[in-house]
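Working notes, structure below.
No lab work stands behind these numbers, since they all come straight from the coordinates. Predicted, not measured: the structure shown is a model, and the values here were computed from it. Methodologically, a virtual Cβ is constructed for each residue, glycine included, from the backbone with ideal geometry; neighbour enumeration extends over all protein chains shown.
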Amino acid sequence: KAISQVWNAYTDVKLALRRLDVAAALVTASERSYESTLASYKLGLSTLIDLLAARRERSRAQFTALDTKARLLTASAALAFATGDLGQELLRTTPLR
């Protein structure tokens with residue numbers, strides 16, 4: 001069972017790392033789209049609704065990136081716990097009273 005827990009935690013970390021790359025690309029693309037829409041809006045080629053939609057998509061991409069980072073941290077903590085690394089770290093950093 002312990003090997004299965006470590007393997008599952010490891011694959012969760014690997015998957016979270018891949019998702020982080022995708023989320024970063026999504027943020028980059030949405031920022032470019034927003035900047036392009038903003039430039040078009042300033043030239044009168046896009047509507048305010050277009051600009052707000054691009055801004056909404058940029059915000060969604062940023063949220064997705066933050067959520068993905070949080071999931072990576074959770075998966076990393078689970079891996080550390082499954083391998084026993086987390087317990088040792090807590091023992092070193094937690095003051096005894």
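Numerical summary
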| item | result |
| --- | --- |
| Projected label distance in nm at residue 7 and residue 39, using a 7 Å step from Cα toward the beta-carbon | 5.1 |
| Footprinting exposure proxy for 81, 63 (fewest neighbouring C-beta atoms within 10 Å first) | 63, 81 |
| Segment residue 15-residue 70, extension gain: residue separation times 0.36 nm, minus the distance between their alpha carbons | 18.5 nm |
| Calculated Rg and Dmax of the stretch 2-85 using C-alpha coordinates, Å | 18.4, 62 |
| Extension gain from residue 55 to residue 24, taking 0.36 nm per residue of separation minus the Cα-Cα distance | 9.5 nm |
| For the stretch 26-31, Karplus couplings with θ = phi - 60° (6.51, -1.76, 1.60), whole Hz, Gly/Pro x | 5, 4, 4, 5, 5, 5 |
| Positive-end extreme of charge dipole, the chain - chosen from 17, 45, 3 (charges on Cβ) | 3 |
